[in-house]
Amino acid sequence: MQRRSFFTGAATAVAAATTSMAVSRVAMAALPEPVMQGSADTAAPLTPPNGRPYQPVVTLNGWTTPWRMNAGVKEFHLVAEPVVREVAPGFFVNMWGYNGQSPGPTIEVVEGDKVRIFVTNRLPESTTIHWHGQRLPNGMDGVGGLNQPHIPPGKTFVYEFEARRPGTFMYHPHSDEMVQMAMGMMGLWITHPKTAHPLIDKVQRDYAFLLSAYAVEPGTMTPRINEMTDFNIWTFNSRAFPAISPLVARQGDKVRIRVGNLTMTNHPIHIHGHEFEVTGTDGGPIPKSARWPEVTTDVAVGQMRQVEFMADEPGDWAFHCHKSHHTMGAMGHDVPTMIGVQHAGLVGKIQKIVPDYMLMGERGMGDMGAMEMPLPDNTFPMMTGQGPYGPIEMGGMFTSFKVRKNLGANDYGDPGWYPQPKGTQAYEWKGAPLDASAPRQTAPGNAPGAANARKPDTGKDHAHH
């Protein structure tokens, strides 16, 4: 992160005032300099240097932007601009984002804070920012043409309002929304409670991330912005497994995970080894009488879900979307099912015509997890990831939740693989094999009552036809 000076010279302030009517109405000496981020790694939580104290969140494969305090107002500067995001190792995507990354930086404030956000447009077209879920004056809601002018390229506009209620919110454009969100323009906003809240518990670990999806053809770098349903890149904060950082916790910690969905479909988010309660939405905290234990919660389009639980089971636990094709890398959705197709004698014939032909899918797709297949440039595998016991065979919206007994209170680094205690891991049966002659309820391939088609016997010889 480039933590440059937050202040620019007087000449910059004069230039800004002459280029944007919105900025010229703000009486101040200078714009706060935008803080840019060049890394897609998970940044350490940003402890507030001034203002009311709060426990900061950790944005998965993201970061929290600093602010400038100006006469009691927290000032932020977002720059809408083209960026290049490393979605997976060696796989880069041309996106539009904020301050060097997509998603943009997380904004953290406290309930009751007065905020001023400068938005500079370095895109080739107009934009706005909508503060999804916020209570604010209508003219600050960010819907271009409806309650504000669009922000032209090269201009800077200012949004000012009070953070009126605690919760997890998002920000995104409401100007050419289909294109700009398909290109990755989004970010998180966290408003912390100003005092102890009866519905918001204190936690030791507080994670946040956005769900996003893209249609990127193998071998290309730019999303197909007009796609409506057939997405092939599924991400947590614009990162795909195995590039998504693990969530880590010390055994006994209370953990909060905030998930926002700005894709075009719903996502059932599932955790292994623990049960949680959904404690909040983007509408606010849920009354305790309305909560129940779950291991999966569905996050619909445009929604946020906040879950909380005790990290009381040590291990490396899977954490993922439960739509199985969302835990895969880029793939051809038109590939036919080849399970059970007999390829005997066929591969050699095909290879005489297509030397690089490979047998794929006859026994399922699990072999893809270990296969080192040649891929087009800038493409990552459909299945990937290596664990301590072999291929993990995942991709997309998948990571791990790592619980350790002796983890430091402020340690968010990957603790490595969990050493399974003796006698607690599945093992191979070494006894007598299964009796192959054991009776079956039905013969293989024949279902009771299944239709049976055959060519009718007419008694006529059709050999000459």
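Could you check, for segment 68-88, whether at least one of its residues is surrounded by 16 or more Cβ atoms within 10 Å (Cβ to Cβ), among the small types (Gly, Ala, Ser) and modelled with pLDDT under 95? There is at least one residue in segment 68-88 that is surrounded by 16 or more Cβ atoms within 10 Å (Cβ to Cβ), among the small types (Gly, Ala, Ser) and modelled with pLDDT under 95. Whether a residue is assigned to a loop (DSSP other than H, G, I, E, B), at pLDDT 95 or above, of a type in the set (S, T, N, Q) and over 28 Å from the mean Cα position of the chain (by Cα) was assessed, and Gln441 does not pass this test. Of all the criteria given as (1) at pLDDT 95 or above; (2) open to solvent by less than 10 Å² (accessible area, probe 1.4 Å); (3) under 16 Å from the mean Cα position of the chain (by Cα), the one not satisfied by Asn99 is (3). Residues that are among the β-branched types (Val, Ile, Thr) and either without any contact (Cβ under 8 Å) to a residue 40 or more places away in the chain or in a loop (DSSP other than H, G, I, E, B) (or both) within segment 282-312 comprise Ile286, Val295, Thr296, Thr297, Val301, listed in sequence order.
Of the residues in segment 347-363, at least one is assigned to a loop (DSSP other than H, G, I, E, B), of a type in the set (Asp, Glu), at pLDDT below 65 and open to solvent by 60 Å² or more (accessible area, probe 1.4 Å). Considered as a group, the residues in segment 159-179 that are touching a residue at least 40 places away in the same chain (Cβ under 8 Å) and surrounded by fewer than 19 Cβ atoms within 10 Å (Cβ to Cβ) include one that is nearest to Trp96 (Cα to Cα), and that residue is Val179. Any chance segment 76-94 includes a residue that's on the phi < 0 side of the Ramachandran plot and over 22 Å from the mean Cα position of the chain (by Cα)? Yes, segment 76-94 contains at least one residue that is on the phi < 0 side of the Ramachandran plot and over 22 Å from the mean Cα position of the chain (by Cα).
If a residue has to be assigned to a loop (DSSP other than H, G, I, E, B) and at pLDDT 95 or above to count, how many in segment 380-401 make the cut?
Filtering segment 380-401 for residues assigned to a loop (DSSP other than H, G, I, E, B) gives 380-383, 388-389, 395, 397.
Filter again for at pLDDT 95 or above, leaving 388-389, 397.
Number satisfying all stated conditions: 3.
Residues in segment 105-122 that are open to solvent by 10 Å² or more (accessible area, probe 1.4 Å) and closer than 19 Å to Glu177 by Cβ: Arg122 alone.
In segment 125-210, which strands (runs of 3 or more DSSP E) lie fully inside it and hold 3 or more residues that are at pLDDT 95 or above, in contact with a helix residue (DSSP H, G or I) (Cβ under 8 Å, 6 or more places away or on another chain) and among the hydrophobic types (A, V, I, L, M, F, W, C)?
Values: elements: 130-132, 156-162, 167-172, 187-192.
Hits in segment 125-210: 156-162.
Those strands (runs of 3 or more DSSP E) of segment 61-111 in which 3 or more residues are among the aromatic types (Phe, Trp, Tyr) occupy 91-98.
The values are calculated or read from the model by the stated rules, or taken from the named source; none is laboratory data. Everything numeric in this text was worked out from a predicted model, so none of it was measured. Every residue, glycine as well, gets a Cβ built from its backbone with ideal geometry; the counts of neighbours run over all protein chains shown. Protein only, heavy atoms only, side chains kept; ligands, DNA and RNA dropped before computing areas. Shrake-Rupley method; radii C 1.70, N 1.55, O 1.52, S 1.80 Å.
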